[in-house]
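Participant: Before I ask anything, here is the structure I am working with.
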Ligand code: SF4
């Protein structure tokens with residue numbers, strides 16, 4: 001007996017939210033989604049979390065954009081003169097597609113022709129398909145003429161990717177999260193999979209129940225800690241101190257794998273010298289973890305037959321995020337815990353397609369498959385394929401683009417499916433920068449906070465309306481299929497990109513999305529043996545695949561590394577303080593992040609009835625003892641402020657927060673956490689320090 005006999009159809013697709021990439025069955029009645037169930041996909045085996053199961057009705061929300069909009073003549077952009085999102089007609093009017101496309105494209109082309117290619121930039125989307133990401137980066141590189149193209153990977157795992165590329169020659173995971181089942185020892189650090197990768201978390205809990213030792217390392221406690229062998233709630237920002245102490249134990253007690261290092265790894269001597277002073281006893285007061293515990297965890301990681309490391313944005317979103325990841329890579333390399341079942345390095349990717357969008361070249365330093373724009377041979381190949389001379393210089397990253405817009409150097413932008421007016425740090429600065437643009441084109445499904453600053457708004461396709469591939473955190477390329485018709489005059493994203501490209505002089509010709517995939521795959525060695533038809537047929541194919549008829553390789557690095565000489569490289573890290581430390585005026589540490597029910601800037605989940613009912617208002621989380629000490633009480637409205645701004649929100653008691661600490665989710669537009677955050681960047685990954693800045697919390701009113 002099936003639960004969906006009453007549906008008109010059931011469409012096989014994938015979840016639009018996190019990087020786990022759960023496969024779904026989408027039941028549709030009268031062109032509305034009525035139920036979503038899990039399918040037996042490789043990363044979910046029929047499971048779904050609350051977002052995947054109940055977060056679908058945003059697609060038919062009355063606020064969906066159904067017609068192109070154009071800013072009214074003479075309506076200036078300023079922070080004091082923003083439209084009311086419920087009544088945008090004071091600032092925008094409806095337009096035909098012809099007029100909107102012409103206005104969008106002519107503004108971009110005029111900026112390019114008047115001020116040069118470096119006066120433009122584009123933000124693509126990690127929520128879109130691989131094909132959209134490929135087209136978007138090609139449009140910027142060929143049509144704008146620069147590499148000023150980036151996306152939200154810059155705000156999540158850019159530092160992890162920088163460390164992985166430098167260390168092991170590949171930014172992707174070395175093993176899927178299901179490998180936890182084969183491991184003896186599992187580290188989960190700087191991640192809250194129960195909230196952010198919930199179905200992956202079920203695999204971790206299963207592994208714990210099967211007797212595997214899990215160590216959770218994070219300044220905040222979490223549900224997974226209940227299943228853990230050890231839980232290390234270290235001091236915020238002290239990651240390198242703690243990890244170097246573990247490396248010190250492994251080095252001084254000679255627990256490393258000498259044979260593996262000799263055969264595969266450079267840089268061990270430099271690491272030995274660097275960590276010599278980082279004894280657990282010396283690091284105990286720095287990181288707040290007892291020396292005996294650090295020794296025990298380091299020994300067990302090194303001596304277990306199979307150990308694996310999973311990490312999240314608690315590792316990456318620091319000014320020392322690359323150093324944090326370097327330490328994790330060093331742990332795996334000196335113990336030989338990589339390239340075998342149950343071992344490896346796995347940065348848990350955030351958005352449903354952030355892996356794929358990065359692979360497809362939505363990054364300012366590299367073409368598809370991380371091929372450097374500065375390498376003349378690589379560039380020559382893309383110039384031959386795309387028929388244009390390409391910019392030999394790296395482009396700007398997300399925060400750099402916003403900075404240059406603020407300074408008036410970037411004058412026009414094309415933003416597809418991203419929301420920098422919520423997601424970028426230091427929102428007063430970021431929104432002022434958007435105001436200063438001469439020309440902003442926003443392509444999205446809702447009138448996002450960013451769209452309020454636009455000159456032209458192009459109504460696009462939701463996940464449930466489009467066909468295309470997505471690549472999850474496990475390197476599994478999966479097929480998403482349309483379940484619904486587009487509302488009103490909304491159009492497919494790839495078709496809009498195609499039309500804009502043609503109008504600004506990009507000579508391209510594609511009949512279908514499959515044509516785009518074919519061209520993209522031809523530029524990406526990682527997609528060798530993975531065709532559109534194969535993904536259609538098999539639903540999920542892991543890259544790399546050795547042959548068209550053989551499953552992809554879930555475990556990589558068994559035979560060396562994809563570096564020039566096949567060897568991995570250790571880069572030792574120093575302890576550097578966070579950019580902004582608490583002081584008398586701002587005595588608390590502020591950290592931002594996601595919550596189970598809401599996704600990123602909330603544009604989808606805040607419009608999903610069940611999810612918004614579960615978490616309807618902005619909250620600040622603090623330890624109950626900290627709340628008592630400040631003579632506040634849970635439920636009252638407080639003001640959280642930093643040197644950059646302040647917001648008001650409801651105080652919630654949370655024993656998982658350490659004392660001296662406040663956590664604010666960044667998904668609520670009525671109290672956007674990024675008014676508070678520090679834009680200071682990690683020098684390698686160029687990622688802002690979302691996980692640490694100095695803050696204060698003040699009483700406001702009692703409800
Ligand atoms: Fe969707 Fe991630 Fe939840 Fe799976 S775990 S249902 S991919 S949000």
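Participant: Counting only C-alpha contacts under 8 Å and six or more residues apart, can you give the relative contact order of segment 249-319 as a whole percent?
Facilitator: Normalised by residue count, the contact order of segment 249-319 is 36 percent.
Participant: Classify segment 570-699: rounded, prolate or oblate, from the alpha-carbon gyration tensor (a ≥ b ≥ c, eigenvalue square roots; a/c under 1.5 rounded; otherwise prolate if a/b is larger than b/c)?
Facilitator: Here segment 570-699 falls in the oblate category.
Participant: Out of all DSSP beta bridges in segment 129-232, what portion is antiparallel? Express it as a percent rounded to 5.
Facilitator: 0
Participant: Any chance you could get the radius of gyration and Dmax over the Cα atoms of segment 90-134, in Å?
Facilitator: Values for segment 90-134 (Cα only, Rg and Dmax): 13.8, 36 Å.
Participant: Another question, then. Take the Cβ-Cβ distance between residue 99 and residue 305 as r, set R0 to 60 Å, and report the resulting FRET efficiency rounded to the nearest 0.05. If you can, show how the numbers build up before the last one.
Facilitator: On the way: r = 65 Å, r/R0 = 1.09.
Calculated transfer efficiency: 0.35.
Participant: A further question on this structure: When the Kirkwood radius is taken over all Cα pairs of segment 192-293, what Stokes-Einstein diffusion coefficient follows at 4 °C and 1.567 mPa s, in µm²/s?
Facilitator: So the translational diffusion coefficient is about 85 µm²/s.
Participant: Please report the relative contact order for the chain, taking Cα pairs under 8 Å with a sequence separation of at least 6, and give it as a percent rounded to a whole number.
Facilitator: Reported as a whole number, the value is 20 percent.
Participant: What ranking of 203, 470 emerges when the number of other C-beta atoms within 10 Å of each C-beta is taken as an exposure proxy, fewest first?
Facilitator: Sorted ascending by nearby Cβ count, the order is 203, 470.
Participant: Let me ask something additional. For segment 537-627, what does the convex hull of the Cα positions come to per residue, in cubic angstrom? Could you put the intermediate results ahead of the total?
Facilitator: Working: hull volume 24.7 nm³, N = 91.
Spelled out: Cα convex hull of segment 537-627, divided by residues, is 271 Å³.
Participant: Moving to a separate point now. Mean shadow of segment 376-526, computed from the convex hull of its alpha carbons, in nm²?
Facilitator: 10.8
Participant: For a test of the definition: using alpha carbon positions, the gyration tensor, and the 1.5 limit on a/c, classify the chain as rounded, prolate or oblate.
Facilitator: The shape class here is rounded.
Participant: What do the square roots of 5 times the Cα gyration tensor eigenvalues come to for segment 294-359, in whole Å, largest first, as semi-axes of the equivalent ellipsoid?
Facilitator: 24, 15, 9
Participant: Which percent, to the nearest 5, of DSSP beta bridges fully inside the chain are antiparallel? If you can, show how the numbers build up before the last one.
Facilitator: Numbers: 49 of 92 bridges.
Around 55 percent of the beta bridges assigned by DSSP in the chain are antiparallel ones.
Participant: Now for a separate question. Using R₀ = 35 Å, calculate the FRET efficiency as 1/(1 + (r/R₀)^6) where r is the Cβ-Cβ separation of residue 393 and residue 66; round to 0.05.
Facilitator: 0.30
Participant: Label points 7 Å out from Cα along the Cβ direction at residue 550 and residue 670: separation in nm?
Facilitator: 5.7
Participant: If you don't mind, there's one more thing I want to ask. In Å and on Cα atoms, what radius of gyration and Dmax does segment 627-703 show?
Facilitator: 13.4, 45
Participant: How large is the translational diffusion coefficient of segment 451-573 in µm² per second when you combine the Kirkwood radius over alpha carbon pairs with Stokes-Einstein at 10 °C and 1.306 mPa s?
Facilitator: Estimated via Stokes-Einstein, D reaches 91 µm²/s.
Participant: A follow-up question, please. In deg cm²/dmol, rounded to 500, what helix-only [θ] at 222 nm does the chain give when every DSSP H run of at least 4 residues adds -39500 (n - 2.57) and the total is split over its residues? Don't skip to the answer; put the middle values down first.
Facilitator: On the way: 23 runs with 209 residues, N = 703.
Rounded to the nearest 500, the figure is -8500 deg cm²/dmol.
Participant: To continue, here is another question. Compute the Cα gyration tensor for segment 318-398, then decide on rounded, prolate or oblate, letting a ≥ b ≥ c be the square roots of its eigenvalues: rounded whenever a/c is under 1.5, prolate when a/b is larger than b/c in the other cases, and oblate in all that remain.
Facilitator: prolate
Participant: How do 253-265, 331-343, 486-498, 386-398 rank on mean C-beta neighbours within 10 Å, highest first?
Facilitator: Descending mean neighbour count gives 331-343, 486-498, 386-398, 253-265.
Participant: Estimate the FRET efficiency between residue 534 and residue 46 by the formula 1/(1 + (r/R0)^6), using the beta-carbon distance for r and 35 Å for R0, to the nearest 0.05.
Facilitator: 0.90
Participant: Compute the label zone of residue 583 within segment 608-651: residues whose backbone N is under 12 Å from the point 7 Å along Cα-to-Cβ.
Facilitator: The answer is 643.
Participant: Here's something else I'd like to know. May I ask you to compute the full-extension gain from residue 698 to residue 30, defined as 0.36 nm times their residue separation minus their alpha-carbon distance, rounded to one decimal in nm?
Facilitator: My answer for the length gained is 235.5 nm.
Participant: Test of understanding: ordering 446, 517 by Cβ neighbours within 10 Å, fewest first, what list do you get?
Facilitator: 446, 517
Participant: Relative contact order for segment 321-412: what percent, with Cα pairs under 8 Å and sequence separation of 6 or more?
Facilitator: 15
Values quoted throughout were computed directly from the atomic coordinates according to the rules given, and no laboratory measurement underlies them. For clarity, every value in this text was computed on a predicted model and none was experimentally measured. Heads up, the Cβs are rebuilt from the backbone with ideal geometry, glycines too, and the neighbour counts pull from every protein chain shown.
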